[in-house]
Amino acid sequence: MASWSLKGESEKINMSIVVAHSLKSMQNEFMKTILLIILLFPSLVMADEWSTGDTKREVSFQTLWLIDYAQTRNIAANPYKWYEQNNYLGAHPTTGAVNRYFLVGSILHFGVSKLLPEKYRAPFQYGTIAIEVGYVAHNYSIGISAKF
């Protein structure tokens, strides 16, 4: 005979929310740090030749970013069902705010990737891909689909 414990499930959901919030905060801090480094140390920003690997990583990131964007629009459209954990957007962002955030983020990511020297570019891209995989997977795990 199987027994079910709602308390255990509630703890799992709460832990999932804490992890997702921590990841969002990490991404925001990571992006701020990268931008600060670029502004304070422009000599580091000497773009090397763009490679096929760079393109594949950037397309991978942008694809995940697009999925996250669709999921975030779904959150914005369903404020009584979910809330956004990105501190910049707030718990219940408007669709317009979501659109602007993801457009600017997409352009900034490509710009930073393009400007970074080769030895920093791949780690930056892999790091942001890993972060986005976490967000997208978390959103799917709590039932947020990517629909436009």
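Read-outs throughout are calculated quantities, based only on the coordinates presented, and are distinct from any laboratory measurement. On a predicted model such as this, the values are computed, not experimentally measured, just so you know. Cβ placement follows ideal geometry from the backbone for every residue including glycine, while neighbour counts extend to all protein chains displayed.
So for the pair THR52, VAL133, with labels modelled 7 Å out along Cα→Cβ, what separation do we get in nm?
It works out to 2.2 nm between the two label points.
Could you list which residues have their amide H under 5 Å from that of ASP48, counting only those 5 or more apart in sequence or on another chain, with H placed in the peptide plane?
GLU118
Convert each backbone phi in region 130-147 into a coupling constant with the Karplus relation 6.51 cos²θ - 1.76 cosθ + 1.60 (shift: θ = phi - 60°), then list the ³J(HN,Hα) values in order as whole Hz, x for Gly and Pro.
Here the 3J(HN,Hα) series is 4, 4, 5, 4, x, 5, 4, 5, 4, 4, 4, 5, 9, x, 8, 8, 9, 10 Hz.
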